[in-house]
Every structure is written in structure tokens, then in C-alpha cells.
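The values are calculated or read from the model by the stated rules, or taken from the named source; none is laboratory data. Since we're looking at a predicted model, the values are computed, not measured. Here the Cβ positions follow ideal geometry from the backbone for every residue, glycine too, while neighbour counts run over all protein chains shown. Areas reflect the complete protein model, heavy atoms only, side chains present, ligands, DNA and RNA absent. Shrake-Rupley method; radii C 1.70, N 1.55, O 1.52, S 1.80 Å.
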There are 2 protein chains.
Amino acid sequence: MELPHPEAEVSNPVIAPTIVLVRPQLAENIGTAARAMLNCGLTEMRLVRPRCSLPDERASRAASGADAVLEQAGVYADVVSAVADMNLVFATCPRERDMAKPVITPQSAIQSAREAMSAGAKVAFLFGAERTGLENDEVTLADAMVPFPVNPDFNSLNLAQAVLLVGWEWARAHASPPQAGRRPWRGELATKVEVDGFLTRLEAELDSCGFLRNPAMRPAAVRNLRAFFLRARPNAQEIRTAHGILTGLVERPHAGKVGKSRPGRHDPEA
Amino acid sequence: MELPHPEAEVSNPVIAPTIVLVRPQLAENIGTAARAMLNCGLTEMRLVRPRCSLPDERASRAASGADAVLEQAGVYADVVSAVADMNLVFATCPRERDMAKPVITPQSAIQSAREAMSAGAKVAFLFGAERTGLENDEVTLADAMVPFPVNPDFNSLNLAQAVLLVGWEWARAHASPPQAGRRPWRGELATKVEVDGFLTRLEAELDSCGFLRNPAMRPAAVRNLRAFFLRARPNAQEIRTAHGILTGLVERPHAGKVGKSRPGRHDPEA
């Protein structure tokens, strides 16, 4: 998988979270979401396989002046590429799903986002399609799930309304200074493309050695593995170390044979 | 001005604020506002001279299931009659106006609303027409102005979005505090001896394959590895999976040789 290199962006740090709309079906919702974003000071929108292609008259009308957000919106083929250069990703959802993944409030997500961004990280919030939401594999890419604690008997938010709530919490938190005594953000979080690169390689090795040989169990096993790694919030050095460990393990001399192994490609001591 | 006496309602206290849309122009906005209200647990909507008459197909479609809110919506000839039975009224507006009237944040308004309602009062929030907003005479009827502290360069909120923000602040304040100590993922945390057992085995394999061959760097490398695993807070199943992965990787057929590997000792599918 070829992904753009994230370091090209570092000299131009993003100062607000990116909003990623996944398979949005209605142009009006894209426009209203753009308006809500700009209301709250957010400007970077990304679209994954939108049903309409921009520019779209209905989207522009709904944006009601937030055209700049629509004009700059990037279009992506899948969530993996849309979040490739992100360091921290939140998956919004109407309700908590049964996945091994932290579940946090929008307020906590924004607090984490602010801390991460003040250390130079890039942060994205994912929003699923109007009726179907995010697929499990897409939620798997996120560091945490962010359900909206609304009426449990009627919790399906309009897409643009959900975007507004994230923007509102961002603007609301921005209005007050960060809380004193906050936990310093440790090191630079790895980008999603770095984490995904390692996990994809690990999965290939696990396929190769037969660990993932049961097709029925493979999807859940892969999701759990990814959830585990994301929970640890690896930084870039840790991903390099993980590569080195994997190289060391798979290229070791055949079992039973003692001797110096070949140095790994990702040698942590290099 | 003769107003109905509010105490008639006390035996049947209202438990959420009333949303008053003043001269709404678009049926879709009425429907989306109804949906946003029900999302946040608000059910009482009042309409002052709406442009469309309910029931309206576009409003119902936008309500997306919140039909009950629309069906119960009262229609009034003016703001005076719409708020006649209210005890506390807030006028939402994009920005502060030059009027001798308190200006408070949505959060403060909700806080006041909760206090008033817990004493049996009825509370309403006014929202002006899409383009023109509330007239000064209508704002005059309110106890306070509630501007939304959003992007000063782009502060015109969609009507239904503004309704959502009031509802959200209501739901947010109403929500019970987060449960203490709740684990965001399922499963029991692994015991320290389980985690240590895996890490000790991993270190032995890494010694064996040469990854930890530099004695000067070994202590820090081991510490970092342990820190990474602890940060992920693995549960017992995840430690078993990690054992299985390690077994799979180190017992795989020699590199380049394709074939079914021996099953690992810690087979996750066993």
C-alpha cells in the first residue's frame, strides 16, 4: 500500500481537528457540515467516497458561505488513506460498540485532541454514512470510540449535527485555557500510516506462519490486534522498534541452531 | 398584559426546556430541529407564525422519526403568547446586541434553567427566523440574551444547529457523571505475573535472535518494551494471544519456505 508521506506536512502544523466524512450520501449534509465546521473554527474536511462529487450546488447552498471549507475538502478512496497522516483518530458513533477500544465522551476526546495538537500531532474525527455509520474495520483504525451521550431512545444524530457537536466542544474548550496540571503528551505519536505499516506487515507474517489461518476468526483477530496496538499509543520510535523485533523474530536462525542472527532491517541500534 | 398563572402547571412539572422557533422559514429546519430536540431529550416545541403549516412532508422527512415532537408542536401568533406561561425565557442570537439585558453563555443559561425548573418553573429558549433573527421587541421579552460563542468571522448558525446546541448543553448538564473506574474495554486486566511471563519470554527470544545483542543498550530497550506493553493494559486473553503470536513467529518454517507451520503452543483457536 503506497501512502503519502506525512512528514511533508510538519512545517505547516494543523491547529484544529480534521473532520472526515465517510461515504456521505447527501450533498446537503456535506454543505451543512462545512458550515458547522466553519462556525466552530474548523476548516479541514476530508471526504471518503462521497456519493456526490464536489462542487455540488446543493452542498454549496447548504454551506451558506462556508465555501472555502468545501473547496479545500480532499477526497479519498478509503478511511486508511484519509487518516494516513493523522496521529490520533476518533470514531464518532451513536452508541458504544462491543469492541476492545476505549470509549470516551466528546469532551474527553477534545481534551485529548488539544493536548496532542499542542505537541504538534494531527487529529481527525471520523463520521460514518447517514444510515449505516462506520464499518467495524473503520472503527478499528481509530484510537477511541466517541459516542454522543444523547437520548438512548432516539440517538441517531443527523450527520451535520454530529459534526457540529464535535466542533462545538472544540470551540467551547478553546474558549477556556487548557487545564493546569495536564499530563504532558509523551513523545510524538506515530502517524496512522506508520502504525498501519507495521500492523499490515505483522498480519502478513502471521498469515505466513499460519497464526491467522482460520478464515472465520481472522477479522476479529486482526481487529483485536489493532485495538491492542492503538491502545498503547505508540510513538514513531516504538513502531521502528516493533519492526526491528518482528524482523529479528522472523529472520532468526532456524530453531535449535545457535549463532549470530542477521541484523534486522529496522535495527534499533543503527 | 394578562398572562396565565404559571402555578397551574406546578403539579405537572415540565422536565425540559421548551424550544420556541420564531417565524421559521424552512420546513426542513423545523423537522431537523425536532430531531435535534428529541436527540437531546427535549419534546416541547412551539412555533410562532411558521411559513409552512404542519403537518408538512419536508418537515416530517427531516424529523427522521421525531414525529411526536412535530405533532405536539403548538402554533402561536406572536412571541408574547408563545411564552405566556413561561417563567424564564432566553433569547438566542448570533451575537450580543446593544440592549440593557444580561448576556450569558449557553452553559450558564442551561444552569439557570435547571435551577429554575427544579423549583417548578417553565423555561423557554427563543430562536429567530433563519436570516433575520429575533426582532428587538422579541428579545426584550427574554430574561437574558444567549449568544453562541463561535467563530466571530462566521457566526451564523443554521437554525436547527442552534437548537441542537441548546439541547446538547441541556443533555450534557443532565448527564450523570461518568462512572468511576469503568474499564473502557472488556475483559479482566492481566495479572502482573501474566504480563511478566510474556515479556520475559519475549526478551529471551529477542536475546536468542540477536535483537538485544548490544549490552549497553539492552536495559533501556527492555524497559521501553515493558512500558509499551503496560501502557496498552493487556487483558489475560490478549496475553495468551501475544504468546500465540510469538510462538507462531519463532516456529514458522524457515524463511522462503512456504507451507503450513506447526501449530503454536498457545493456539488462539484451541
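Provide the packing ranking of A:134-144, B:20-30, A:28-38, i.e. peptides ordered by the mean count of other C-beta atoms within 10 Å per residue, highest first.
Numbers: A:134-144: 20.6, B:20-30: 23.2, A:28-38: 27.6.
Per-residue mean Cβ counts within 10 Å order the peptides as A:28-38, B:20-30, A:134-144.
Which whole number gives the average, over all residues in A:219-227, of C-beta atoms from other chains lying within 10 Å of the residue C-beta? Before the final figure, lay out the partial values.
On the way: counts 0, 0, 5, 0, 0, 5, 4, 0, 3.
For peptide A:219-227, the averaged partner shielding equals 2.
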Which listed residue (B:A236, B:L225, B:L202) has the Cα farthest towards the positive end of the charge dipole for the stretch B:192-250, taking +1 on Lys and Arg C-beta and -1 on Asp and Glu C-beta about the Cα centre?
B:L225
Once the piece of chain linking A:D137 and A:D78 is laid out straight, how much longer is it, given 0.36 nm per residue of separation minus the C-alpha distance between them?
20.1 nm
Other chains near A:150-157: what is the mean number of their Cβ atoms within 10 Å of each residue's Cβ?
6
For B:C93, the residues 5 or more places away or on another chain with a placed amide H closer than 5 Å to its own amide H are B:V146, B:F148
Run the quick spin-label model on A:Q25 and A:E71: label points 7 Å from Cα toward the beta carbon, then report their separation in nm to one decimal.
3.1
Rounded to the nearest 100 Å², the accessible area hidden between B and A, summed over both chains at a 1.4 Å probe radius, is 6300
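Other chains' Cβ within 10 Å of B:200-212 residues: what's the mean? Don't jump to the answer; show the numbers that get you there.
Working: counts 0, 0, 2, 0, 0, 4, 5, 1, 7, 12, 11, 16, 4.
That works out to 5 on average.
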If every alpha-carbon in the stretch A:18-174 counts as one equal scatterer, what log10 I(q)/I(0) does Debye give at q = 0.10, 0.18 1/Å?
-0.30, -1.07
Order B:100-111, A:234-245, B:203-214 from most to least packed using the mean count of other Cβ atoms within 10 Å.
A:234-245, B:203-214, B:100-111
Inter-copy label distances at A:C52, 7 Å along the Cα→beta-carbon direction, one decimal in nm, shortest first?
1.7
Radius 14 Å from Cβ of A:V163, net charge of other residues (Lys, Arg +1; Asp, Glu -1):
-2
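What percent does the relative contact order of the stretch B:18-174 come to when contacts are Cα pairs within less than 8 Å and at least six residues apart? Display every interim value, and only then the final one.
Working: 304 pairs, mean separation 48.8, N = 157.
With pairs under 8 Å counted, the relative contact order is 31 percent.
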Hz values of 3J(HN,Hα) by residue in the stretch A:156-170 - Karplus curve (6.51, -1.76, 1.60), Gly and Pro given as x
7, 7, 4, 4, 5, 5, 5, 4, 4, 5, 5, x, 5, 5, 5
Using only the Cα atoms of the stretch A:192-250, what do you get for the radius of gyration and for Dmax, in Å?
11.5, 34
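Just want to confirm a number: the relative contact order over the stretch A:83-162, from Cα pairs under 8 angstrom separated by 6+ residues, in percent. It would help to have the intermediate numbers written out before the result.
Details: 114 pairs, mean separation 39.3, N = 80.
Averaging sequence separation for qualifying contacts and normalising by length gives 49 percent for the stretch A:83-162.
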Largest first, how would A:V75, A:V89 line up by accessible area (1.4 Å probe)?
A:V75, A:V89
Ordering of A:161-173, A:59-71 by burial proxy (mean other Cβ atoms within 10 Å per residue, highest first)
A:161-173, A:59-71
Using only the Cα atoms of the stretch B:52-99, each taken as one equal point scatterer with no solvent, compute I(q) by the Debye sum, divide by I(0), and report log10 of the ratio at q = 0.19 Å⁻¹.
-0.86
